[in-house]
Amino acid sequence: NAGVTQTPKFQVLKTGQSMTLQCAQDMNHNSMYWYRQDPGMGLRLIYYSASEGTTDKGEVPNGYNVSRLNKREFSLRLESAAPSQTSVYFCASRWYTEAFFGQGTRLTVV
Amino acid sequence: EDKVVQSPLSLVVHEGDTVTLNCSYEVTNFRSLLWYKQEKKAPTFLFMLTSSGIEKKSGRLSSILDKKELFSILNITATQTGDSAIYLCAVEPRTVQGAQKLVFGQGTRLTINP
């Protein structure tokens with residue numbers, strides 16, 4: 001049972017570079033989420049998708065874009081990375097009950 | 001704006017103590033509240049609460065929701081060092097589109113000393 005799979009697990013970017021974080025779930029969940037977690041902080045919602053073809057902004061969407069490619073996949077793109085985007089990123093999926101989380105991507109922007 | 005506030009932010013106790021963690025919220029049209037435990041990596045699910053006054057229990061952990069006063073508590077009795085973690089509270093507002101937005105609080109970092 002794979003659950004929620006995120007890639008990559010670690011990434012170092014230079015300021016201004018772009019990258020896409022990938023997330024896939026195999027639980028047939030309609031809702032998917034991207035969060036960031038900074039040291040000593042809770043999870044802050046970047047974007048979420050209630051269903052295939054829809055996306056909505058969360059609390060901290062600036063500097064990010066998302067794509068809900070199909071029901072399984074929800075990607076997060078940083079077009080021009082900034083040091084303030086250094087964080088741990090979690091993808092999650094859910095359908096009415098508990099949310100299941102991926103193992104996280106530790107991103108460092110230098 | 002939907003808001004979830006947890007307290008305390010940090011708590012250090014001795015093994016065997018009982019702790020109470022708090023979560024208050026302000027959301028539009030409340031739907032559910034969830035508690036998670038986060039150790040080194042991804043958060044793991046503890047409880048989901050939708051109705052006031054009904055206690056959810058799992059071993060030494062229990063939680064209850066008060067929808068009138070807009071808060072929930074998570075109790076841990078006879079704490080063990082393995083309970084050391086960040087405890088996260090999340091609230092799901094009911095949106096017009098039915099979307100399942102999930103908003104988290106800052107978390108409570110609990111440390112259990114032997």
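The values are calculated or read from the model by the stated rules, or taken from the named source; none is laboratory data. This one's a predicted model, so the numbers in the text were calculated from it and none came from an experiment. So basically every Cβ, Gly included, is an ideal-geometry build from the backbone, and we count neighbours across all protein chains shown.
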Within region B:1-12, considering residues that are within 19 Å of B:Cys89 (Cβ to Cβ) and part of a strand (DSSP E or B), the one modelled with the lowest pLDDT: B:Lys3
Hits in region A:100-110 - residues which are touching a Ser or Thr at 6+ places or on another chain (Cβ under 7 Å) and within 14 Å of another protein chain (Cβ to nearest Cβ): A:Phe100, A:Gly102
Yes/no for A:Met41 being part of a loop (DSSP other than H, G, I, E, B) and under 23 Å from B:Ala85 (Cβ atoms): yes
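Here is a yes/no grid of residues against (1) within 12 Å of chain B (Cβ to nearest Cβ); (2) in contact with a Gly (Cβ under 9 Å, 6 or more places away or on another chain); (3) touching a residue at least 60 places away in the same chain (Cβ under 8 Å); (4) not basic (Lys, Arg):
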{"residue": "A:Gln22", "(1), (2), (3), (4)": "no, no, no, yes"}
{"residue": "A:Arg36", "(1), (2), (3), (4)": "yes, no, no, no"}
{"residue": "A:Gly40", "(1), (2), (3), (4)": "yes, yes, no, yes"}
{"residue": "A:Arg72", "(1), (2), (3), (4)": "no, no, no, no"}
{"residue": "A:Ser80", "(1), (2), (3), (4)": "no, yes, yes, yes"}
Whichever residue in region B:73-96 is aliphatic (A, V, I, L, M) and under 15 Å from B:Ser58 (Cα atoms) and, among such residues, is nearest to the other protein chains (Cβ to nearest Cβ): B:Leu74
Pair list, Cβ under 6 Å, 6 or more apart: region B:40-59 residue more than 10 Å from every other protein chain (Cβ to nearest Cβ), other residue among the aliphatic types (A, V, I, L, M) and part of a strand (DSSP E or B): B:Leu49/B:Leu33; B:Leu49/B:Leu65; B:Ser52/B:Leu65; B:Glu55/B:Ile64
Residue satisfying all of: in region B:87-102; crowded, with 22+ Cβ neighbours inside 10 Å and not in a loop (DSSP other than H, G, I, E, B); modelled with the lowest pLDDT among these: B:Glu92
Considering residues of region A:42-70 that are within 9 Å of another protein chain (Cβ to nearest Cβ) and without any contact (Cβ under 8 Å) to a residue 12 or more places away in the chain only, the residue nearest to the chain's Cα centre (by Cα): A:Asp56
The one condition in (1) within 14 Å of chain B (Cβ to nearest Cβ); (2) farther than 30 Å from B:Leu46 by Cα that A:Ser84 fails to fulfil: (1)
Residues being in a strand (DSSP E or B) and farther than 15 Å from A:Thr86 by Cβ - total across region A:1-34: 13
